[in-house]
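First comes the structure, then the notes that go with it.
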Amino acid sequence: MTKRRALITGITGQDGSYLAEFLLSQDYEVIGVVRRTSTINFARIQHIQDDITLVSGDLLDQGSLIAILSEYKPQEVYNLAAQSFVPASWKQPVFTGEVTALGVTRVLEAVRTVDPTIRFYQASSSEMFGKVREVPQTETTPFYPRSPYGIAKVYGHWITINYRESYNLFACSGILFNHESPRRGLEFVTRKVTHYVAKIKLGMETQLPLGNLDSKRDWGYAGDYVRAMWLMLQQDKPDDYVVGTGETHAVRELCEVAFSYVGLNWEDYVTQDPRFMRPAEVDLLVSNPNKARHVLGWEPEVSFKQLIEMMVESDLEQLKKEHNL
Ligand code: NAP
Ligand code: F7E
């Protein structure tokens, strides 16, 4: 039997690397779209590079997307590519809109023109709920985004639904709450904290400067969340799903768990630095993942504490290796 073929945009990112691993374990042929960079940034996919096919393309370049779909003919497309860092979206709002919003239309247009039977997944975000209208947030909670990133994601979400309704595409949108891992970028708060904790423990840093300690997030493990993406595309009907743990924790709790894992008191090291405050904050996010649980049979397997401890452990190991400790 011929293998199923899936294409991932954003394969070099956190989620792309876990999704590629997961699809390989399901016996898929995996094609990854990578944009041209002057320095190779394949660190997250190095270990599976021989098992996947990497092709050159960009969400800013419509022609490249059409050419890739025409040549590789995937049955499933996972659109994970985005400018995904919220603070950067205030510095580069137009660029963020081009990639994170219009980029979705470019991929959908390529699907529609090359092969409308392709099943499409869009990486939507809990940032769309922003100044939340309801607690917890479900698939029907109204959106109130608070950043150019959140606004771009609202566009991506609705264009996905519109292509489903206009052209009968099998297009799904996963509204994923924050998910983290040892492969998370160093600029996001969980990884920033676990990386600094490891450095402080090893005597390489003395302080951790942070922004808002009061904001609350529904943090889960990225490895669990990529399963939900795949499950959405295996259903009889395309639909949208909220994916999260249903629990919420403040940034200060994250600090408490991470520092206490290495026997330190977070209050001795964390400082508040206005440079990391945002022009408009999302104060509280917490999911109601009942639909994903009942329809997809999806459950998260890693708890908040396990996640943070796994990340501290991984940062300690990595730093020891790098510094021959
Ligand atoms: P990430 O680590 O920042 O990865 C983003 C990926 O997009 C990278 O592979 C990046 O490539 C690629 N990319 C950026 N601009 C591109 C362009 N113009 N053309 C082609 N590729 C481009 O993000 P992530 O955490 O894995 O998240 C995956 C997706 O889920 C994103 O859409 C994000 O917005 C969304 N999301 C994430 C979370 C979360 O908590 N992680 C929650 C909800 C939604 P380079 O390596 O070349 O930069
Ligand atoms: O911030 C606060 C910050 O940057 C979380 C992206 O994957 O998830 C992510 O967006 C919270 C915010 O993630 C620092 O103000 C305090 O309240 O880790 P973050 P995010 O903005 O929630 C959503 C679902 C996505 O879709 C996005 O792509 O932590 N915070 N001090 C800080 N945040 C950072 N980055 N750095 C600090 O020093």
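The table that follows gives values for the structure above.
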item	result
Inter-residue pairs, beta-carbon under 7 Å, first farther than 13 Å from V270 by Cα and of a type in the set (F, W, Y) and in segment 206-219, second open to solvent by less than 10 Å² (accessible area, probe 1.4 Å) and in a strand (DSSP E or B), 6+ apart	W219/E180
Matching option when the condition is more than 8 Å from ligand 2 (Cβ to nearest atom) and either outside the structural domain of V270 (by TED's automatic domain parsing) or touching a Lys or Arg at 6+ places or on another chain (Cβ under 7 Å) (or both), among N162, N178	N162
From Q272, Q306, residue being under 16 Å from P182 (Cα atoms), open to solvent by 20 Å² or more (accessible area, probe 1.4 Å) and not aliphatic (A, V, I, L, M)	Q306
Residue check, I48 away from ligand 2 (no atom under 16 Å from the Cβ), hydrophobic (A, V, I, L, M, F, W, C) and open to solvent by 30 Å² or more (accessible area, probe 1.4 Å)	no
Segment 233-253 - residue that is outside any loop (DSSP other than H, G, I, E, B) and open to solvent by less than 40 Å² (accessible area, probe 1.4 Å) and, of those, nearest to V312 (Cα to Cα)	V251
Residue that is of a type in the set (A, V, I, L, M), within 14 Å of ligand 1 (Cβ to nearest atom) and more than 23 Å from T100 (Cβ to Cβ), where the choices are I40, I45, I11	I40
Positions within segment 207-221 being open to solvent by 30 Å² or more (accessible area, probe 1.4 Å) and within 16 Å of ligand 1 (Cβ to nearest atom), in sequence order	K216, Y221
Residue match in segment 147-159 (condition: under 23 Å from N290 (Cα atoms), touching a residue at least 60 places away in the same chain (Cβ under 8 Å) and more than 17 Å from the chain's Cα centre (by Cα))	no
Counted residues, segment 1-35 - those being within 19 Å of E71 (Cα to Cα) and either part of a loop (DSSP other than H, G, I, E, B) or open to solvent by less than 10 Å² (accessible area, probe 1.4 Å) (or both)	14
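Results for (1) open to solvent by 30 Å² or more (accessible area, probe 1.4 Å); (2) under 30 Å from R112 (Cα atoms); (3) part of a loop (DSSP other than H, G, I, E, B); (4) within 15 Å of ligand 1 (Cβ to nearest atom), shown as yes or no for each residue.
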{"residue": "A198", "(1), (2), (3), (4)": "no, no, no, no"}
{"residue": "E205", "(1), (2), (3), (4)": "yes, no, yes, no"}
{"residue": "R227", "(1), (2), (3), (4)": "yes, yes, no, yes"}
{"residue": "C255", "(1), (2), (3), (4)": "no, no, no, no"}
{"residue": "A258", "(1), (2), (3), (4)": "no, no, no, no"}
{"residue": "G263", "(1), (2), (3), (4)": "yes, no, yes, no"}
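The values are calculated or read from the model by the stated rules, or taken from the named source; none is laboratory data. On a predicted model such as this, the values are computed, not experimentally measured, just so you know. Neighbour counts are summed over all protein chains in view; Cβ atoms, including those assigned to glycine, are modelled from backbone coordinates with ideal geometry. Accessible surface areas use protein heavy atoms only, side chains included; no ligands, DNA or RNA. Shrake-Rupley method; radii C 1.70, N 1.55, O 1.52, S 1.80 Å.
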